[in-house]
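Here's the structure we're looking at; comments come further down.
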Amino acid sequence: MDEKQLEHFRGLLLHWRGELVDEVTRTVSHMKDEASNFPDPADRATQEEEFSLELRTRDRERKLIKKIDGMLERITIDDYGYCDACGIEIGVKRLEARPTATLCIDCKTLSEIKERQELG
Ligand SMILES: [Zn+2]
């Protein structure tokens, strides 16, 4: 991958990361605002359920942010866009659709087949 492409993906990842960070920050402050005392226990339960769903989503997003950080690191050391399993270039097209991909489409397909087999 040349310099220009790397820059392109760096921009893409940074933009995505920014959106995720916004999302996480927004939810946290929203949860602080709304953590009011509902007198009705049913309302409270509903709110708690919503919060725990939110927290799970935030948790996923935080993990994604970490993954993006790892990808940015790989761009810095010029190791971005190579398959972790076989070492070939993942391909710009696949990375456009999935900038955090660490496997080429062949290895990805293979690992999915293996996963299915392991699950029975
Ligand atoms: Zn591969």
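Taking residues in region 79-90 that are over 20 Å from E3 (Cβ atoms), and partners anywhere that are among the β-branched types (V, I, T) and more than 8 Å from the ligand (Cβ to nearest atom), the pairs with Cβ atoms closer than 6 Å and at least 6 places apart or on different chains are D84/T102.
Could you identify the single residue in I90, I68 that is within 14 Å of the ligand (Cβ to nearest atom), modelled with pLDDT of 95 or more and closer than 16 Å to H8 by Cα? None of the other options fit; the residue is I90.
Residues in region 22-39 include none that are away from the ligand (no atom under 16 Å from the Cβ), among the charged types (D, E, K, R) and not assigned by TED's automatic domain parsing to the domain that holds H8.
Taken together, the criteria place L103 among residues that are in a loop (DSSP other than H, G, I, E, B), within 15 Å of the ligand (Cβ to nearest atom), aliphatic (A, V, I, L, M) and in contact (Cβ under 8 Å) with a residue 12 or more places away in the chain. Exactly one residue out of E61, E73 is of a type in the set (D, E), in contact with an Asp or Glu (Cβ under 9 Å, 6 or more places away or on another chain) and surrounded by 14 or more Cβ atoms within 10 Å (Cβ to Cβ): that is E61.
The values are calculated or read from the model by the stated rules, or taken from the named source; none is laboratory data. Because the structure is a prediction, the values reported are computed rather than measured. Counting neighbours? That spans all protein chains shown, and the Cβs are built from the backbone with ideal geometry, glycine included.
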